[in-house]
Amino acid sequence: MTKETILALAQVLAPVVQAGAVEVAKLIATLNADITPEQLAKVLEESRSSSWPELTFGLES
Amino acid sequence: MKQKSYITAALAILAMLGFLAVMAVLVMHEIPVSNREFFNTGLIALVGFVSTAFGYYLGSSFGSARKTELLGPPEASALASSAEMQAGRLGQGGFARFTLMLVLLAVAFFFAILSLNGCSTMKKEAPEIVAGKSLLAMKATIITAATTGDQLCKKGVIPKADCRTLADWYLKAQPAYDLAADSMTLVLLSRDKAVWQRYQADQAPFRRIFDDVVVMSGRYGLLGGDQ
């Protein structure tokens, strides 16, 4: 593995790791929160796939 | 040897930082009884990492490695024909992708520490609440994995055929998650009598679950266009 490959990989993975860490932190906050069934139902409703990011996996064409 | 010693040092520092982070969390939070067994298992593994790192630097391994280094390089003629030598890979302890392994290990270690800390502070709750929260954790995992795959595909690290498979999985995961979330919502709301009576008046949640099943069946190829 060359230095250029490592740099390219780090550039790709850095924002992903950062976003992942934020998501995990949010998740831990939700896991620890005192939440009622109705509140959890609302969070689940908001987590439906319509709120998921649009990903193309490099297959735009 | 120089590069390998950096890698060893980085791993040792990571283990030590992780250990200190867990200790810091332990000072601030109490571990619930239900999570203690799991937490102890993780902590034992972490202590193992730290002990190995200390053993290397304070034991004989580092001194032995240094002595070998001082003895000079092995017979160059014996190794000159080796492809790894030509590619400059022997400095990576024999692993062709040692740096990549190190990056992946560091990322996994980071998330393991976060999860361990999360587990140590998790409360004991009703089963349906735990199930609902677990579903949210699953969603976070799917999106993180898919986003990583998306980035790697866009940079051309993953072959096109695998990217198509990833896109297919992501598309199929969505209605499956919606069905699970809507079913879970129904379970959660049915626990509260007053709320349940409101939902009995209108049939929307049931209709939505039916729609979820239809969408999922379509994406999994179980239904034709006119069915």
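So B:Asp168 clears everything in (1) over 30 Å from A:Ile35 (Cα atoms); (2) surrounded by 17 or more Cβ atoms within 10 Å (Cβ to Cβ); (3) more than 7 Å from every other protein chain (Cβ to nearest Cβ) except one condition, right? Which one?
Of everything listed in (1) over 30 Å from A:Ile35 (Cα atoms); (2) surrounded by 17 or more Cβ atoms within 10 Å (Cβ to Cβ); (3) more than 7 Å from every other protein chain (Cβ to nearest Cβ), B:Asp168 misses just condition (2).
For the stretch A:48-61, enumerate the residues that are assigned to a helix (DSSP H, G or I) and either among the aromatic types (Phe, Trp, Tyr) or surrounded by 17 or more Cβ atoms within 10 Å (Cβ to Cβ) (or both).
A:Ser49
Surrounded by fewer than 17 Cβ atoms within 10 Å (Cβ to Cβ), more than 8 Å from chain B (Cβ to nearest Cβ) and modelled with pLDDT of 75 or more: does that describe A:Ala14? Break it down into steps so the answer makes sense when it comes.
Details: surrounded by fewer than 17 Cβ atoms within 10 Å (Cβ to Cβ): yes; more than 8 Å from chain B (Cβ to nearest Cβ): yes; modelled with pLDDT of 75 or more: yes.
Taking the combined requirement at face value, the residue satisfies it.
Just name the residue that is nearest to the other protein chains (Cβ to nearest Cβ) out of those in the stretch A:17-26 that are surrounded by fewer than 18 Cβ atoms within 10 Å (Cβ to Cβ) and not hydrophobic (A, V, I, L, M, F, W, C).
The extreme case among them is A:Glu23.
For the stretch A:27-47, does any single residue satisfy the condition of being among the β-branched types (Val, Ile, Thr), touching a Phe, Trp or Tyr at 6+ places or on another chain (Cβ under 7 Å), at the interface with another protein chain (Cβ under 7 Å from one of its Cβ atoms) and assigned to a helix (DSSP H, G or I)? Break it down into steps so the answer makes sense when it comes.
Narrowing the stretch A:27-47 to residues among the β-branched types (Val, Ile, Thr): A:28, A:30, A:35-36, A:43.
When the remaining residues are screened for being touching a Phe, Trp or Tyr at 6+ places or on another chain (Cβ under 7 Å), the result is none.
Within the stretch A:27-47 (the criterion being among the β-branched types (Val, Ile, Thr), touching a Phe, Trp or Tyr at 6+ places or on another chain (Cβ under 7 Å), at the interface with another protein chain (Cβ under 7 Å from one of its Cβ atoms) and assigned to a helix (DSSP H, G or I)), the answer is no, since none of the residues qualifies.
The values are calculated or read from the model by the stated rules, or taken from the named source; none is laboratory data. In this text the structure is predicted, and so the values were computed from the model without any measurement. Methodologically, a virtual Cβ is constructed for each residue, glycine included, from the backbone with ideal geometry; neighbour enumeration extends over all protein chains shown.
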